[in-house]
Each structure stands twice: as structure tokens, then as C-alpha cells.
2 protein chains.
Amino acid sequence: MDLFYDADFSESNPILNETESHHLVKVLRARVGDPVRITNGKGDFFNARIAEINTGTCLLKVERKYPEMHKKYRLHIAVAPTKSQDRMEWLLEKATEIGIDEITPVVCMHSERRTLQMQRLNKIMVAALKQSMKATLPVLHPISSFDEIIRTKGWEQKFICTEGAGKHLKVVSSPSLKYLVLIGPEGDFHPDEVARAKDSGFLDANLGGNRLRTETAALQVVSYFSILNA
Amino acid sequence: MDLFYDADFSESNPILNETESHHLVKVLRARVGDPVRITNGKGDFFNARIAEINTGTCLLKVERKYPEMHKKYRLHIAVAPTKSQDRMEWLLEKATEIGIDEITPVVCMHSERRTLQMQRLNKIMVAALKQSMKATLPVLHPISSFDEIIRTKGWEQKFICTEGAGKHLKVVSSPSLKYLVLIGPEGDFHPDEVARAKDSGFLDANLGGNRLRTETAALQVVSYFSILNA
């Protein structure tokens, strides 16, 4: 059964937005009384039925609201934009499927790209959310500077992944925490950036001997924390 | 410095094939005496210099032959072909970067696709091999039937990943072994397939609560074993 996404949907406002209502009624040909499953992308699922089909939107009757299975950790990946937008797109699709809470594109000294089609990236995350039956849409933050991101507060373990680092991420990370992980551009971080991150409480870590593309390294980290906390 | 790939290159036959010679001489404008780094995709790197530039090919002088850093494990992923060829392509690109030894597309009961552009997939693995500076080109086996693959011999731990499975892969796997892992299609394996695999010595395992696409599940497994054995 399809999962519908509407950020503004709630028990007090059980109206499915136009896009999703169109898909439900015009594409799937649903009728009054048919069951619908919705998420607000904020951790909640709703089991509902179609109460009224109006022009443009549908009024639903919520039968049950329930939260997504509790996740033991929070993950924020701060990653240098990849050379091509499409590599960023598949990273966000896969990260949404596997599990990530926040993503921030970070402009580093060696960054080649400094802009992204953010709206398109959000669309891809929504599609992945629905496809993977999740209820938490990752937060895609605006592009940030390196100095902004290393000043971010509220994360229990902060890592900067770099080839030079002495220890593997699995040696320095612990389960069930809030993680912020920095992933650099193709040319890796500048030594000054690594030094500044360490001064701000980041631990440097490597991902093994492999020379990984930016998006592969980021996905490796997403996979690692999902397995560590499984 | 670019890495060149020529499966037939050796100290006794130090002739770089036409495609790579063209790239070296016509694209990179290399000259006699210039250094070249080559891999045969069989675990060996060669540091060489251009001795002669002939029509079509280059004769090189090998200065040093050395093996890729020893890998502690071997991984064979047997995966149902994805609906779209391009998802298979990125899986093979990423798996090559992170580390995999053998890949077999497997036709399962719920498979929607039964053919793949194998030559194109090989090209993508070669590109990823060169880009990630590796010396071992994964072996892409021809499409196999489910019964063929579960009879495959020579693997120390064999897993079939399925949503129903009781234990997480990380609970049932051990480091430094030869692993064969079965990844099913979108509709997952048929219970009969799981039963037959278990009869053939496969352990069933899950990858956590996430509902993953086929290629995401396969990459999750590739990442897991690379981290387990790091």
C-alpha cells in the first residue's frame, strides 16, 4: 500500500494536499471510504480513510496515529557538494532509505561546487521516504561554510573523516549517540580545516584504506551508524 | 596521477593496450620517458615508463611491480537484477570502490528483470577501479539461477538477507572469512527460496528494520564487511 506524504497533515487538519490528493484520486482512482496511509515526515504515521473527495483535495478521517519505530541515534552528515548534482541526489536517496536525520552541504577549501538544486534534492528525499515507508524526512540544511558547521552545537560525537587520520571511525565511535560527521571533497580537507575542526572538538577518523568518492564516503558513514546502532 | 588498466599487461608483455595507449598519448599527451602507473586488475600494480610510442600502442619499461594492500576477506554478492539497469550500474561502481571480489546477478522468483548489459557494467567497474586506485577488478559472473548460486562452493559464511530473518547480519557474521551473500528483489525472496538456501548451508539474516531497495541492501552489505574487516 502506498505511503502518502503531507508535512501539514494532522488529526486536527486531516486534509491531504493537492499533489497527494491528485495521486490518490486521479492516478490510483481511490473512492470515499478507501484506506490511506500518510506520514507528516516528522515521525508520525496516520492510518485514515477518505471522508470527502473535494475539488483538488481530499478530507480524510484519521483512524490511528502512531510513531515510527524509535531510532536509537541521530546522525547529521555535513558533506562537501559533489562535482555533479546527480551524485548528491543518489546520496540523499540512499541516506534517506538507510536512515539519516540532517544533511548539510558544506563548502570547503577544495570544494569544486558551491551550489545545489535544493528543491530537487528535497523531492528526491520525499520520494525515498515514501518508497522506504519511513516517517522521518531528513532535514536538508542550506549550504553552510566550514566555519559555521564546526561551530554547530548539540552533537555528542563529532568526527571529521580524512585519509590522513590515524584511527578508523569504528574505533572512535560509540553507539546510541548524536553524531555529526564531516565528509570532505574529492581533494579531501585542507590540513588547516582538519586542525580547526579538531580545535572545535571533532575527532579525526578514517574509513579504511579505500580511496572513496565523496558520496561513497558519506554513504559508508550512514551505513556504519545504522549497523552500529542496529 | 592516473591509473591505467590493462588485463593483459605484464613484465614479459609490457605493451599497453590501444584504448589506454590512446588516452595516455593522445589525451594526456605523454612522451617517451614519462612515468605510467598500470594495474592488471588481478591484484598487481606496475610503475613503468614509456619506452616506445608506436602506432596504436605503447611499449613500457616496468620499473616496479607490487601487489595491492592485502585484503583480509573475500566477498561475493549474489543479487537480483534491479528493475532499472542504472541502479545496478551505481551498485557496481560503489561496490568496486568500497571493495568486493565477485558479483553474480541472480534471477529469483520475484525478479522483474532477467537481463543486464553486462559489457556496460564491466566498463563501469573498470572506471571505478581506476578512479579508486584499486588493483582488483571484481569478477562479474553471468546471470545465474537461484539453484545454481545456492550450490556454489568454497565460501566460509553464506547468508541470505531477508526481511523476515530473526538475526541481524552483524550478529551472525565473523571477520576475516570468505562470504557469499544473497540479496533479493524488491518483493524479497519467496519463502521457498529462503528455505532452499538454508538447506544449502545459508544463514538467514536481516539488515535492520529499514525497507531497503535491492541495490541499497547490497551496498549496505558491502559496506558492512569492509567495516567489519577494517
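Here are the numbers:
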{"item": "Near pairs, Cβ below 6 angstrom, 6+ apart or cross-chain, from the range A:208-230 (in contact (Cβ under 8 Å) with a residue 12 or more places away in the chain) to any residue that is surrounded by fewer than 22 Cβ atoms within 10 Å (Cβ to Cβ) and not in a loop (DSSP other than H, G, I, E, B)", "result": "A:215/A:87; A:224/B:227"}
{"item": "Members of the range A:58-94 found to be crowded, with 18+ Cβ neighbours inside 10 Å, of a type outside the set (Lys, Arg) and under 28 Å from residue A:28 (Cα atoms), listed by number", "result": "A:58, A:60, A:89, A:90, A:92, A:93"}
{"item": "Complete set of residues in the range A:4-16 that are surrounded by fewer than 17 Cβ atoms within 10 Å (Cβ to Cβ) and touching a residue at least 12 places away in the same chain (Cβ under 8 Å)", "result": "A:7, A:8, A:10, A:11"}
{"item": "Unique residue being in a loop (DSSP other than H, G, I, E, B) and under 22 Å from residue A:105 (Cβ atoms) when the list is A:204, A:188, A:192", "result": "A:188"}
{"item": "Pairs, first within 11 Å of chain A (Cβ to nearest Cβ) in the range B:113-138, second acidic (Asp, Glu), C-beta under 6 Å, six or more apart", "result": "B:128/B:93; B:128/B:97; B:132/B:97"}
{"item": "Options B:104, B:39; residue that is assigned by TED's automatic domain parsing to the domain that holds residue B:183, of a type in the set (Val, Ile, Thr) and under 30 Å from residue B:221 (Cα atoms)", "result": "B:104"}
{"item": "Residue match in the range B:78-85 (condition: closer than 20 Å to residue B:228 by Cβ, part of a loop (DSSP other than H, G, I, E, B) and small (Gly, Ala, Ser))", "result": "no"}
{"item": "Residues located in the range A:188-230, provided they are under 30 Å from residue B:206 (Cα atoms), open to solvent by less than 20 Å² (accessible area, probe 1.4 Å) and of a type in the set (Gly, Ala, Ser)", "result": "A:205, A:217, A:218, A:223, A:226"}
{"item": "Qualifying positions in the range B:149-166 - surrounded by fewer than 16 Cβ atoms within 10 Å (Cβ to Cβ) and under 22 Å from the mean Cα position of the chain (by Cα)", "result": "B:151, B:153, B:154, B:156"}
{"item": "Set A:30, A:78, A:51: member being in contact (Cβ under 8 Å) with a residue 12 or more places away in the chain and in the same structural domain as residue A:152 (by TED's automatic domain parsing)", "result": "A:78"}
{"item": "Residue in the range B:167-181 that is buried (at least 22 other Cβ atoms within 10 Å of the Cβ) and within 12 Å of chain A (Cβ to nearest Cβ) present", "result": "yes"}
{"item": "Number of positions in the range B:91-126 that are farther than 16 Å from residue B:77 by Cα and touching a His at 6+ places or on another chain (Cβ under 9 Å)", "result": "2"}
{"item": "Considering residues of the range B:113-149 that are assigned to a helix (DSSP H, G or I), in contact with a helix residue (DSSP H, G or I) (Cβ under 8 Å, 6 or more places away or on another chain) and among the aliphatic types (A, V, I, L, M) only, the residue nearest to residue B:192 (Cα to Cα)", "result": "B:121"}
{"item": "Selected residue (criterion: nearest to residue A:139 (Cα to Cα)) from residues of the range A:29-51 that are open to solvent by less than 80 Å² (accessible area, probe 1.4 Å) and in a loop (DSSP other than H, G, I, E, B)", "result": "A:41"}
{"item": "Test set (1) of a type in the set (Val, Ile, Thr); (2) in contact (Cβ under 8 Å) with a residue 60 or more places away in the chain; (3) surrounded by 19 or more Cβ atoms within 10 Å (Cβ to Cβ) - residue B:103 fails condition number", "result": "(2)"}
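Residues are listed down the side, and each one gets a yes or a no for (1) under 18 Å from residue B:40 (Cα atoms); (2) of a type outside the set (Gly, Ala, Ser):
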residue	(1), (2)
B:126	yes, yes
B:135	yes, no
B:141	no, yes
B:150	no, yes
B:154	no, no
B:167	no, yes
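The values are calculated or read from the model by the stated rules, or taken from the named source; none is laboratory data. Keep in mind that this is a model prediction, so the values were computed, not measured. Please note: Cβ atoms are built from the backbone with ideal geometry, for glycine as well, and neighbour counts cover all protein chains shown. Ligands, DNA and RNA are excluded from the accessible area calculation, which covers all protein heavy atoms including side chains. Shrake-Rupley method; radii C 1.70, N 1.55, O 1.52, S 1.80 Å.
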